[in-house]
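Trainee: The structure follows.
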Amino acid sequence: MEDPIQRHPTRAEQLDILASLVASRVASRVEDGAPVLDLGFGTGYVAHLILAKNPALSIVGVDRKAESLAGAREAFTGSNVTCVEGDLEAIHDLALPAGPFPAIYSVLTFHDLPDAAKRAVIDWSAKNLAPGGYFLLYDRLRMTDAPLFPLQQGIWSRIEREFGAGMRTAPDFDSYIDDLGTDNRPASLDEYRVWFAESGLAFQPLHIHGNVALMAGARR
């Protein structure tokens, strides 16, 4: 299956880390075939990575785009993948299998959500994880401190030099903020730390490259 978003030259490593964690560490906690939940499923690319490592897992994928789910259903015909159409901004209204889930993950979806919806999804996930379950979140981080922006520019330049493609660029901090717009709303690492804690989840950044992070929460 082709990666539907190829703009981040280092994301293959981060997604392989996520897939490896779900396929091994999470799989060891699965009981009675309980499914893993993918919030922001798209066409199922991340599920494809996970199932390539552990085809015995079951995955429930949620996405608001019917056309993406149609492609996923075609790609996963006969497999242990269930697709659910629904909007994460109304997560309490989704028709999902009864939990709890051993793991819930979301990949490059949170930056599309308003902050209130981000918090609601984290809170819902915390309540629907099995004891000891994990919430894995992979997304962009918002940079908040203008004096440090030149260092971020240096990281972007190095990534472009080493990998032949850049994550993004901006001439200065104000331009970076303006470029985010209203539909690209990444949260900061500090905000995620607070939101996870308020939901009762232990919090740990697992892998950060540039301004893209794999973060984890665990139900205590």
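Trainee: Name the residues of region 68-107 whose amide N is less than 15 Å from a point 7 angstrom out from the Cα of LYS127 along the C-beta direction?
Mentor: 89-96, 98-101
Trainee: Let me ask something else. Label ALA98 and ASP16 with points 7 Å out from Cα along Cα→Cβ: what is the distance between them in nm?
Mentor: 4.1 nm
Trainee: In region 19-51, whose amide N lies under 15 Å from the spot 7 Å out along Cα-to-Cβ of ARG64? List them in ranges.
Mentor: Hits in region 19-51 for ARG64 at 15 Å: 39-42.
Trainee: Assuming R0 = 35 Å, what is the FRET efficiency of ASN184 and VAL84, from their Cβ-Cβ distance, to the nearest 0.05?
Mentor: 0.90
Trainee: What number comes out for the charge environment of ALA170, summing +1 per Lys or Arg and -1 per Asp or Glu over other residues with Cβ under 10 Å away?
Mentor: Taking every Cβ under 10 Å from that of ALA170, the sum is -3.
Trainee: On a C-alpha basis, how far is the centre of region 52-67 from the centre of region 114-171 in Å? Whole number, if you could?
Mentor: What the calculation gives is 22 Å, centre to centre.
Trainee: Mind checking Rg over Rh on region 117-220, alpha carbons, Kirkwood formula for Rh?
Mentor: 1.03
Trainee: Let me ask another. Which percent, to the nearest 5, of DSSP beta bridges fully inside the chain are antiparallel?
Mentor: Numbers: 15 of 32 bridges.
Of the beta bridges lying entirely in the chain, close to 45 percent run antiparallel.
None of the figures in this text is laboratory data; all of them are computed from the coordinates on show. Here the structure is a predicted model, which means the values were calculated and not measured. Reconstructed Cβ throughout: ideal geometry from the backbone, glycine too, with neighbour counts over all protein chains shown.
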